[in-house]
Structures are given as C-alpha cells and as structure tokens.
Amino acid sequence: MSTNTSSGITQDEAEIYDRQIRLWGLDAQQRIRNARVLIAGMRALSDEVCKNIALAGVGSITLLDHEVIKEQDLSAQFFLSEGDIGRNRAEASANAIQLLNPRVNVIVDQDDISSKPDDFFTSFDIVCLIHKGAGILKRVDDIRRNVNKPFYAANAFGWFGYIFCDLVNHTYIKEQKTEVKKSGEEPKIKRTTHVEEYISFEQSLHADWSSKGKKVKRMSSLSFVIHVLFQYQQEKGSLTVNDIPDIIAKKSDYLEKMGVQDSNLLNDDLLKDVVSLLDTEMAPVAAVVGGVLAQEFIKVLSAKELPIQNWFYYSGLDGSGMIHQI
C-alpha cells in the first residue's frame with residue numbers, strides 16, 4: 001500500500017528515489033515527477049537521454065519521430081534490435097524505455113515534426129530537438145520563447161556533439177555552506193535566488209563574436225564549425241558532403257559576419273570531418289553528450305545550480321567538453 005508524502009510523492013516513490021531526494025530534495029523530485037518532456041528525433045543520443053531521465057523519474061516522455069529504422073540505426077541505438085528494421089523509430093524504442101521505469105508515462109507520436117502546429121510545442125516543460133536542421137530549430141525555439149519555456153537542441157555524430165540551451169529567463173537557487181565559527185557547529189546552508197537570461201537560437205547563430213576579443217582564440221574549434229554549418233544550412237536549405245568545397249570557399253565570409261577576422265580559427269580538416277560524419281553515430285560519444293544533456297534537464301526542472309549558458313561542445317578526438325556563451 002502506498003501513502004502520499006506532503007509533496008505528493010508516494011511512500012513507494014520516496015523509497016525508489018531515496019538517493020535522488022537526498023541529493024536535490026523532495027520538492028525538486030516532485031517537479032521532476034510532474035514534468036512532461038518532448039524528445040523529437042530518435043537517435044543514439046535520444047536513447048541515452050531517455051534512459052537517464054526515465055531512471056530519474058520524470059513524469060512523461062513523448063517520443064516524436066516519423067522515420068523508420070534502417071540497418072545503420074542498430075550501430076549505436078541500444079533500444080533497437082535487428083527485428084525492428086522497418087518499424088517506426090519512436091514506437092520501437094518506447095517499450096524498452098517503459099521497462100526502465102514503469103512509473104514513467106511514455107508516449108509515441110509518429111508524426112513528422114514539420115506537420116505539428118505551434119500549440120503542440122507549448123504544453124511541455126522541456127522540448128529537445130535532436131539531429132534537426134536550423135529551420136525547425138528556429139521555429140520551435142521561437143514558439144517556446146513566446147511561452148517562456150525551456151528549449152534544447154542537441155546532436156551527437158561521429159566523434160563530435162553539441163548542446164544548445166535557451167531557457168529564456170531561468171530562476172534557480174544557489175546553495176552555499178556558511179563558514180563554521182564554533183567547534184562542533186553544523187554548517188548552515190545559505191540559499192540565494194538568481195535569474196539567468198538567455199538569447200534565442202537565431203540570435204546566437206548570428207551573434208557578434210568580436211566582443212570576445214582575445215578569448216575567441218581559446219574557444220573550441222568545433223564551435224566555429226558548428227556555427228558556420230548552421231548558417232550555411234539556413235542559407236541553402238540543406239547540408240551534405242557535396243557542399244564541403246562551397247563551405248570552405250565561403251568560410252571567411254561567414255566568419256567575418258560573426259566578427260571573427262582570423263579564418264584559420266576554422267580548421268578545414270575538422271570541417272570536413274564534421275560534415276562527413278553528420279549521419280554517423282558512435283555509442284561512447286552519445287553516452288557522454290547524453291549524460292550531460294540529461295543532467296541539464298534535471299538542473300532546470302529542480303531549479304538548482306546554473307544550467308549551461310548556452311552552448312556545450314564535445315570532441316571525442318581529445319575528450320574535451322567546453323561551454324561557451326554565444
């Protein structure tokens with residue numbers, strides 16, 4: 001028999017999530033329990049995120065994907081098996097996610113994301129688009145900003161990955177232990193409320209980097225590549241390996257628009273690698289980026305600690321993960 005605690009979490013849930021509750025508190029776990037999350041695009045990265053947030057006890061996960069499973073999807077997507085080839089990706093993944101935590105409501109939506117009306121995206125507590133193009137990212141982020149709700153865009157491909165975060169205006173609590181003045185006295189927790197403002201995907205994509213001065217040379221090489229590729233895709237409407245020569249020829253123009261004068265900061269070989277691997281998935285890279293992304297969801301829902309502001313870039317070539325505010 002289950003009884004409810006004062007925050008609405010049942011006694012059974014309190015026992016299951018005991019470690020988490022001790023880590024971030026009962027109120028935070030309640031917010032996580034009631035949260036509705038949309039994951040649009042089922043990839044290896046999506047599997048990692050869904051696994052982590054399901055185990056954390058999120059209220060519901062909606063899987064949105066109209067694509068069917070191909071043989072190449074089996075290389076890194078651990079929710080799938082050979083017998084799933086030809087099935088819808090969201091439908092095939094749902095049962096395995098549900099088995100991880102029967103308390104989580106897993107919802108399958110097989111529609112094409114481009115066919116969804118604006119109001120579809122407004123009811124979720126978190127919306128995350130994975131492996132999507134610049135056009136749909138801008139559209140959904142604009143919708144989310146209008147209702148002041150979190151938006152994420154992320155991808156993991158080949159050796160690389162990124163996360164973009166737009167929380168609009170995010171309020172969070174920062175906890176600090178006070179200094180102990182008397183022997184044997186327990187340290188007290190000082191809690192302060194902070195508000196962090198974010199800019200949109202579109203604003204970030206066309207931001208002026210010149211204000212960073214010398215810091216720009218210390219930024220991740222991947223950041224230049226990702227931003228130039230998004231701008232190219234937004235301009236041309238597509239992005240394939242056949243576009244590599246054209247992108248390289250125009251890279252100085254794109255960088256100049258960004259306020260970056262040194263074209264050598266965008267490495268041609270890295271650009272070629274990134275574009276060539278855009279449709280390639282590697283489980284270890286997805287695990288790292290997915291772990292970071294799921295933890296960011298928890299930060300936002302629990303309203304504790306400052307989340308990413310506003311880009312995270314990961315390179316498996318050297319194991320580096322860097323956060324840049326752009």
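Summary of values
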{"read-out": "D (Stokes-Einstein, µm²/s), Kirkwood Cα radius, region 208-276, 1.002 mPa s at 20 °C", "value": "177"}
{"read-out": "Karplus-derived HN-Hα couplings along region 138-146 (A = 6.51, B = -1.76, C = 1.60, θ = phi - 60°), whole Hz, x at Gly and Pro", "value": "4, 4, 5, 4, 4, 4, 5, 5, 5"}
{"read-out": "Length gained when the stretch Ile199-Glu179 is fully extended (0.36 nm per residue, less Cα-Cα span)", "value": "3.6 nm"}
{"read-out": "Charge dipole (region 208-276, unit charges on Cβ, about Cα centre) - positive-most of Ile226, Ser210, Gly237", "value": "Ser210"}
{"read-out": "Relative contact order, percent, the chain [alpha-carbon distance under 8 Å, six or more residues apart]", "value": "19"}
{"read-out": "Per-pair calculated FRET efficiency, R0 = 30 Å: Ala249 and Ile323 via Cβ, rounded to 0.05", "value": "0.45"}
{"read-out": "Ranked by how many other beta carbons lie within 10 Å on average, peptides 159-167, 92-100 from highest", "value": "159-167, 92-100"}
{"read-out": "For region 167-326, convex hull volume per residue from C-alpha positions, Å³", "value": "165"}
{"read-out": "Region 18-83 - Rg (one decimal) and Dmax (whole number), Cα, Å", "value": "14.6, 43"}
{"read-out": "Under Karplus coefficients 6.51, -1.76 and 1.60, residue-wise ³J(HN,Hα) of region 152-168 in Hz, glycine/proline x", "value": "10, 10, 8, 7, 9, 8, x, 8, 10, x, 8, 9, 10, 10, 10, 9, 6"}
{"read-out": "Reachable lysines from Lys272, criterion Cα separation under 29 angstrom, eight or more residues apart if same chain", "value": "Lys70, Lys132, Lys138, Lys212, Lys214, Lys215, Lys217, Lys236, Lys250, Lys251, Lys257"}
{"read-out": "Under 5 Å, built H, 5+ apart or other chain: amide partners of Val104", "value": "none"}
{"read-out": "Listed candidates [x] 27, 25, 20; [y] 34, 27, 18; [z] 45, 23, 17 - label of the one calculated as semi-axes √(5λ) of the Cα gyration tensor in Å", "value": "[y]"}
{"read-out": "Beta bridges by DSSP in the chain, antiparallel share as percent, to the nearest 5", "value": "60"}
{"read-out": "For region 188-203, 3J(HN,Hα) per residue [Karplus equation, 6.51 cos²θ - 1.76 cosθ + 1.60, θ = phi - 60°, Hz, x = Gly/Pro]", "value": "9, 9, 9, 10, 10, 9, 10, 10, 10, 9, 10, 9, 6, 4, 5, 4"}
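Values quoted throughout were computed directly from the atomic coordinates according to the rules given, and no laboratory measurement underlies them. Just so we're clear, the structure is a prediction, and the values are computed from it rather than from any experiment. Methodologically, a virtual Cβ is constructed for each residue, glycine included, from the backbone with ideal geometry; neighbour enumeration extends over all protein chains shown.
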